[in-house]
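Comments concern the structure below.
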Amino acid sequence: MKENRLVIALSILVAVLFIMSLWVGRNPLAIWQAAQALDSESVGSIILMEIRLPRALIALFAGATLGLCGAAMQGLLRNPLASPDLIGSSSGAALCAVIVLYFGFTTSASLPLLPVAGMVGALLATLLVFILAGRDSSISTLILAGVAINTLATAGMALLLNLAPSPYAMRELVLWTMGDLTDRSMDDFYLMLPFTVLGWALLIGVGRQLSALTLGESTAQTLGINPQRLRWRIFLAVALAVGATVSTTGVIGFIGLIIPHLLRPWVGYDAGRLLGVSALGGAALLLAADIGVRLIPTEMPLKVGVLTAIVGAPFFLHLILSARKQHL
Amino acid sequence: MSSTLLKTTVLSFSQTKRMILDAISIELYKGELIGLIGPNGAGKSTLLKILAHLLKPDSGQVFWKNKELSTLKANERAKALAWLEQNGAIHWPLTVERLVALGRLPHLAAWQKLTEADQQVVDQVLIETDLAALRGRDATTLSGGERSRVLLARALASEPQVLLADEPIAALDLGHQLQTMQLLREFAQGERASVVVLHDLALAARYCDRLYLMQHGKIVATGKPEQVLTPELLAQVYGVECVLGATPYPWLVPVRRLGAI
Amino acid sequence: MPALAKYLIVILFITLSHALKADTINPQRIVSLNVCTDQWLLLLADPEQIASITHLSHEEGASYLLAKALKYPTNKGRAEDILPFKPDLVISSAYTSPNTLNLLRQLQIRVETLPIADDWESTLKGIQQMAQLVGHPERGQAVIDEMQQRLKQLPAISDDKPIIASYEPNGYTVGNQSLLGQAIQQAGWQNAAELAGIRQYGQLDLETMIRLHPAAIIESPYRRNTWSRAEALPQHPALRKAGINPQVIQLPSAMTICAGPWSVTVAERLAQARLELSTKAAH
């Protein structure tokens, strides 16, 4: 009952934020009028359909992906500090996306390569962290391995963007490391959509298996779960969804960390039931942060990752402190 | 129809070139409570894991009724066998009730939620294991003994035909040791059976139908408790001189360590 | 030839060269540290006065006086690049690193810094200042006179000014308080940036572009056919769907990166483009 109410509340929140996201922008826009005039080629309807709608849709899908993948990884690793951005999946995706976007692949026909590259990068970075940290690694080893991979990927991006032929490339480093949703088109959304949805689809039905992992891998196995197959399935799903998302938005930090952690008590700490609500929560947080960066008056547009990091980093510290207390 | 539930051919298992199990076999009949006893490092837990299909033996097979265990679907196997891990982990602070309900997972169809019947099984198990009062508690904050009972309750909630329990009474107080052995005894009736790793030989003698005494990966003796628990065998395997009795219930007092064995 | 005669000739030569040196106190080994001061130096100094210019002046996209520039060795603006040229004058801009300049001053090298030319007034002043530094003020005056003459001859401005936007990758644009902004006004256009409230330098976002619907845009890409998020922005489908099909006025980036006499050519081309647009509209 409590859970159903949570799902309803989060859904309403996401819907309200989605509509607000369509409404907020540099130009005042009566969206109802614009929506009614959809057929006409009015300025209002074009701004609504071609600029604000893709932005809101990308925020919705990217946020949901980050929340969902954070919950899946935390459940898989039975570790509240695991998330795609902390363990390197996101930065690996961004690095490969940078390679494809800035070097040689300038025709629009090769654009579908972008989410594929993001996926490959996310998968490689995730596997590398696991090889570095070992399978049954402690929280600190995993985070240190993630820090190493993140630093390496960011340095790689800086190097590549410096070497890129485009004179604008270097300035876009912040876009990849902080994340950004401005001025994306429906084309960008359609590009990220199939891989994102494929990643989500791979996660259908893993909820119960993640719940069983609460009892450890061996006991979960005697409950009919194949932990090895589950691990690969989640890695692949995260690579697909996060890879496609990051290659569109850049690395938006902390959503995958905060959201599952905040919502976990609401679903009775059940790793399986956490998945769906984390997707809703992630979507709500990213939509809200993206509205926030548009409302804060700055000279140059603020990157959305700046806001999520300002909220997320202190939260991360809090998590580390409470984890330390438990281990003392 | 045979009354055999679990049966193995000759099993061997080694790890990093060390022989853990050396050509042993075991058989479990319906209605039986079997005790695996022996000193530390004898290979009892390894044998239990092979029976639970968690480890693959280097040679030999495990049969469930007449089928090879590995040919069963994972879900069928999960409904047939439950394995109770020694010092099992609880990774998230679930309530006791939710944790026990995880045992129902093999019985649920995809997307199906806990039914009324499932909830009744959980309630029943909570009462049997004396946990009804703790059902709302955070399972990670329980004492060691309460925690083992919760994990036993989880295994019972799976309603398996065979329960494989690895030292289920190690952390329990006297009262709950008796209660747990009584539960296992009641469980292993009719169509069901259980294999339990035990260190308390007196309780093993009192509750088990048969014992397997293991040492260095081999089975030294097997049979009814009074056949296995003899001063001679105990001296040979444990290196301890024991005094045994059977009135009114089996008892055993270790007297002193014998010289090097 | 007698030994005395030889001796006399040597004496005469030494005296003459000394006399010449005393006469021309003009710097003889000038090093410039900024691509825009490079351009003015190439414009106003004698070829033998120039010791070194920046590497950017050897790039087509940045250097309007590329052909002249290619004759000189380059530096990357670091003290150790500069010292081997044994400069008697280093000319820098406000963008040059103050650490480098302090180091040069400590080594007793004369350093002069020219202000940034971001409108006509500072451009003309800067050209004058450079001409004085290199010792040819008359050349500077001639350049300035010609520029002012040409600016006066720009076609007359009509009342209905079409909207134009300087639209660079990422939507970067300039307002009226800039050299290009002034050229836009003098050429008879209305600057979209000004309508969007941008005075000097800023970004025109997509929504504003759609709302203002400019009749023309100025493109001045530094490098063509490269790929970045910034360069992808003008291809955004929203612009196409909004029916924005502006006349694209291409200006070589070498004409817009630095100010100089070629900035007048920019104003002339913009004025020409406006006249063509109004005749097209009249038909």
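The values are calculated or read from the model by the stated rules, or taken from the named source; none is laboratory data. Small disclaimer: the values here were computed from a predicted structure and weren't measured. Because the Cβ atoms are built from the backbone with ideal geometry, glycine has one as well, and the counts that use them run over all protein chains shown. Just so you know, the surface numbers come from the protein's heavy atoms only, side chains and all, with ligands and any DNA or RNA stripped out. Shrake-Rupley method; radii C 1.70, N 1.55, O 1.52, S 1.80 Å.
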As a Kirkwood estimate from alpha-carbon pairs, segment C:163-282 has a hydrodynamic radius in angstrom of 14.5 Å
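Given Cβ point charges of +1 (Lys, Arg) and -1 (Asp, Glu) and nothing else, what value in debye, to the nearest 20, does the dipole of chain A about its Cα centre take?
Details: 19 positive and 15 negative charges, 199 e Å.
So the dipole magnitude of chain A works out to roughly 960 debye.
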Candidates B:I90, B:I50, B:I169; GNM for chain B (alpha-carbon contacts under 10 Å) flags as most fluctuating B:I90
Principal axis dimensions, segment A:2-327 - Cα atoms, whole angstrom, descending | 62, 50, 35
Would you list, by chain and number, the aspartates and glutamates whose Cα falls below 16 Å from the Cα of C:K76, excluding same-chain residues fewer than 8 positions away?
-> C:D38, C:E59
What angle, in degrees between 0 and 90 and rounded to the nearest 10, separates the Cα long axis of helix C:261-282 from the longest principal axis of the Cα atoms of chain C?
-> 20 degrees
Hey, in the GNM for chain C with a 10 angstrom Cα cutoff, which one of C:S97, C:S57, C:S263 fluctuates hardest?
-> C:S97
Once phi is turned into ³J(HN,Hα) by the Karplus curve 6.51 cos²θ - 1.76 cosθ + 1.60 with θ = phi - 60°, what whole-Hz value does each residue of segment B:208-215 show in order, with x for glycine and proline?
-> 8, 7, 9, 10, 10, 9, 10, 8
What is the average number of partner chain Cβ atoms found within 10 Å of a Cβ in B:99-106?
-> 5
To the nearest 20 debye, what charge dipole does segment C:3-150 have about its Cα centre, counting +1 at the Cβ of each Lys and Arg and -1 at the Cβ of each Asp and Glu?
-> 600 debye
Solvent-accessible surface (1.4 angstrom probe) belonging to A:Y269, in square angstrom, nearest 10 = 70 Å²
Taking a threshold of 22 Å on the Cα-Cα distance, which of the pairs A:K2/B:K79; B:K44/B:K73; B:K17/B:K67; C:K125/C:K152; C:K71/C:K125; B:K7/B:K218 fall above it?
-> A:K2/B:K79; B:K44/B:K73; B:K17/B:K67; C:K71/C:K125
Estimated vicinal HN-Hα couplings, Hz - segment C:216-230 in sequence order (Karplus 6.51, -1.76, 1.60; Gly, Pro = x) = 8, 10, 9, 10, 9, x, 6, 9, 9, 6, 9, 10, 7, 4, 4
Build a GNM of chain B with springs between Cα atoms under 10 Å: which of B:Q86, B:Q15, B:Q161 gets the top mean-square fluctuation?
-> B:Q15
Give me the orientation-averaged projected area of the Cα convex hull of segment B:36-162, in nm², one decimal.
-> 9.5 nm²
Mean ellipticity per residue at 222 nm, deg cm²/dmol - from DSSP H runs of n ≥ 4 across the protein assembly as shown, formula -39500 (n - 2.57) = -15500 deg cm²/dmol
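What dipole magnitude, in Debye to the nearest 20, does chain C give about its Cα centre under +1 on Lys/Arg Cβ and -1 on Asp/Glu Cβ? Can you show the working numbers first?
On the way: 25 positive and 26 negative charges, 86 e Å.
The calculated dipole for chain C is roughly 420 debye.
Which whole-number percentage describes the relative contact order of segment C:163-282, with Cα contacts under 8 Å and a sequence gap of 6 or more?
Working: 182 pairs, mean separation 37.7, N = 120.
Value for segment C:163-282: 31 percent.
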Segment C:161-239 to segment B:222-261: how many Å between their Cα centroids?
-> 95 Å
In straight Cα distance, which aspartates and glutamates are under 16 Å from C:K280, not counting same-chain residues fewer than 8 positions off?
-> C:D160
Partners for C:K161 among aspartates and glutamates (Cα-Cα distance below 12 Å; same-chain residues under 8 apart left out) | none
Given A:S166, A:A244, A:A201, which one lies farthest toward the positive end of the charge dipole of segment A:164-254, if we put +1 on the Cβ of every Lys and Arg and -1 on the Cβ of every Asp and Glu?
-> A:A201
Prolate/oblate/rounded label for segment B:109-261 (Cα gyration tensor, a/c 1.5) = prolate
Over its Cα atoms, what ratio of radius of gyration to 2.2 N^0.38 Å does the protein assembly as shown give?
-> 1.39
Percent antiparallel among DSSP beta bridges confined to segment C:160-283, rounded to 5, stands at 30 percent
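Please work out whether segment A:80-214 counts as rounded, prolate or oblate from its C-alpha gyration tensor, where a ≥ b ≥ c are the square roots of the eigenvalues and a/c under 1.5 means rounded, while otherwise a/b larger than b/c means prolate and anything else oblate?
Note, shape of segment A:80-214 comes out oblate.
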Antiparallel bridges, percent of DSSP beta bridges restricted to chain C (to nearest 5) | 15 percent
In whole Hz, what ³J(HN,Hα) sequence does segment C:129-144 give by Karplus (6.51, -1.76, 1.60; θ = phi - 60°), x for Gly and Pro?
-> 5, 4, 4, 5, 4, 7, x, 10, x, 5, 5, x, 4, 4, 4, 5
Helix A:186-202 sits off the longest principal axis of the Cα atoms of chain A, rounded to the nearest 10 on a 0 to 90 degree scale, by 20 degrees
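For Cα pairs less than 8 Å apart in space and 6+ apart in sequence, what is the mean separation divided by the residue count of chain C, i.e. the relative contact order in percent?
Details: 451 pairs, mean separation 47.3, N = 283.
In percent, rounded to a whole number, it is 17.
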What is the antiparallel percent of DSSP beta bridges lying wholly in segment B:4-228, to the nearest 5?
-> 55 percent
